[in-house]
Each structure stands twice: as structure tokens, then as C-alpha cells.
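S.K.: Take a look at the following structure, please.
The values are calculated or read from the model by the stated rules, or taken from the named source; none is laboratory data. Here the structure is a predicted model, which means the values were calculated and not measured. Because the Cβ atoms are built from the backbone with ideal geometry, glycine has one as well, and the counts that use them run over all protein chains shown.
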Amino acid sequence: MKTLIKAVFVSAVLFFAAGPVSAQEGNPKVRIETDMGGFTVELYPAKAPKSVANFLRYVDAGHYDNTIFHRIIRGFVVQGGGVTADMREKPTNAPIENEAKNGLKNETATLAMARTQDPNSATSQFYINLKHNSSLDYPSFDGWGYAVFGKVIEGMDTVRKMEAAETGVVAGQRDVPLKPITLKSARRVAPAAAKQ
């Protein structure tokens, strides 16, 4: 797995909102269902247009369905978005440009793009911050940082359950839940009906 956290182990570091971004009715939202419960994320296209468009492209294509959260580091991050239960990475679209300079910080519950040591290598994988990981904020350890593009606004208790999962080495990868945590589906949340 060449994505994100690998760079973290090699460099001893890893990978949202410049100060809090307030919820806006027009921001897209996505509901993610797992076999441990569900949670809803709000996305920030005004701050991270390329990352949000990229994420929604994968959502709309059903890419995330039946993948797993393959990396969990307590007190740090929960990562998923592109690995199957047999620890194979799914094919992805081309990498996107790093938007870590957007002013968003890797604060608790924020959603950010996972990447390799190449700053512009993010594809489908994302992570949820379990605390304020200031070491991942621009400019981070490599002059780039990790791009935040959303936040969990409902169901963080599900993410905390995931955080508590027992992990170990699976298929040569560290910090993998020993009992797979399946991301069953990711779907856009329909906007509230317009008021009359």
C-alpha cells in the first residue's frame, strides 16, 4: 500500500479547515454506511474544489462500496477508500493536485486526502482525523501538507468505534483491523427541499 500512511512510517509523519468552517446548506454531504454504523460528511468545495470533485466522482461511481477501512491508528487517523477485503488496491482515476494550502486544518473529525510521499499523488483514499494532527497541516514536514476537504458532521461515534478496533499486521501491512471494517456504501445526501 503506497498510499498516505506508508509515508508516515517512513518519515514518522502523515497527513483540513482554516479555523472552523461553518456548516452551509449548499455544501454537498455524503452518507457513509459501514458495518459498525454510519456517519455523514460535509464537503467544502469553496476551499477544496478539486478534492471535493474528485471524492464525489468516486462516490457517484460506487467506487467506495464494499471497500474496507484498512488503516486505523488510535489517536491519529482512520483511513479507507480504496482497498478491498483481500487487501488489494482498487484501480483509480489519475491523481489530483494537492490543495493543502487552502487554509483548512487537520482538526478532529475532518476528512482529508491520503497520498504517498509525492505531494500530488492523492486518488481515492481519504482519512478522518481522530485529533488535531497539526503535523499534517500545510506546510507539514515536507513543505506541502495533506489537503482537508470535509468534516464528519454526524456519526462521529461510529468513527470512534472504528478507532477502538483491534489492529495488527495483515498481508504485510501494519495497523490493519484484524476484523475487517467494511465501507458498505457512500451516497450523496439529497439537499433539503426548497422552502416555499
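S.K.: If Val8 satisfies all but one of (1) at pLDDT below 95; (2) surrounded by fewer than 21 Cβ atoms within 10 Å (Cβ to Cβ); (3) part of a helix (DSSP H, G or I), what's the number of the condition it fails?
M.R.: (2)
S.K.: Looking only at residues that are of a type in the set (A, V, I, L, M) and part of a strand (DSSP E or B) in region 87-120, which one is surrounded by the most Cβ atoms within 10 Å (Cβ to Cβ)?
M.R.: Per the stated criteria, the residue is Ala112.
S.K.: Which of the numbered conditions does Phe141 fail, given that it passes all the others? Conditions: (1) at pLDDT below 95; (2) under 26 Å from Val189 (Cα atoms).
M.R.: (2) is the only condition that Phe141 fails.
S.K.: Can you spot a residue in region 116-127 that is more than 18 Å from Lys50 (Cβ to Cβ), among the aliphatic types (A, V, I, L, M) and modelled with pLDDT of 95 or more?
M.R.: Looking through region 116-127, none of the residues is more than 18 Å from Lys50 (Cβ to Cβ), among the aliphatic types (A, V, I, L, M) and modelled with pLDDT of 95 or more.
S.K.: Within region 153-170, which residues are touching an Asp or Glu at 6+ places or on another chain (Cβ under 8 Å) and of a type in the set (A, V, I, L, M, F, W, C)?
M.R.: Within region 153-170, Ile153 is the sole residue that qualifies.
S.K.: Checking Thr182 against (1) modelled with pLDDT under 95; (2) closer than 21 Å to Thr40 by Cα, which test does it fail?
M.R.: Against the list (1) modelled with pLDDT under 95; (2) closer than 21 Å to Thr40 by Cα, Thr182 comes up short only on (1).
Every residue, every condition in (1) under 18 Å from Glu33 (Cα atoms); (2) among the basic types (Lys, Arg); (3) touching a His at 6+ places or on another chain (Cβ under 8 Å), yes or no:
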position: Gly75; (1), (2), (3): no, no, no
position: Arg88; (1), (2), (3): no, yes, no
position: Glu97; (1), (2), (3): no, no, no
position: Glu107; (1), (2), (3): no, no, yes
position: Tyr138; (1), (2), (3): no, no, no
position: Val148; (1), (2), (3): no, no, no
position: Gly155; (1), (2), (3): yes, no, no
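S.K.: Considering region 145-172 alone, what residues qualify as being assigned to a strand (DSSP E or B) and under 23 Å from Lys131 (Cα atoms)?
M.R.: Initial filter on region 145-172 (assigned to a strand (DSSP E or B)): 148-154, 167-170.
Matches in region 145-172: Val148, Phe149, Gly150, Lys151, Val152, Ile153, Glu154, Thr167, Gly168.
S.K.: A follow-up question, please. Filter region 33-75 for residues that are of a type in the set (Phe, Trp, Tyr) and within 13 Å of the chain's Cα centre (by Cα) and give the result. Don't jump to the end; show me each part of the working.
M.R.: Taking region 33-75 as the starting set, the residues that turn out to be of a type in the set (Phe, Trp, Tyr) are 39, 44, 55, 58, 64, 69.
Passing the criteria: Phe39, Phe55, Tyr58, Tyr64, Phe69.
S.K.: Quick one: which of Ser124, Ser185 is assigned to a strand (DSSP E or B), farther than 16 Å from Ile72 by Cβ and either touching a helix residue (DSSP H, G or I) at 6+ places or on another chain (Cβ under 7 Å) or polar (S, T, N, Q) (or both)?
M.R.: When all the criteria are applied, what remains is Ser185.
S.K.: Restricting the first residue to region 163-175 and requiring it to be under 24 Å from Gly38 (Cβ atoms), which pairs with a second residue that is in a loop (DSSP other than H, G, I, E, B) and not hydroxyl-bearing (Ser, Thr, Tyr) meet a Cβ separation below 6 Å and a spacing of at least six or different chains?
M.R.: Glu163/Arg74; Glu163/Leu130; Glu166/Leu178
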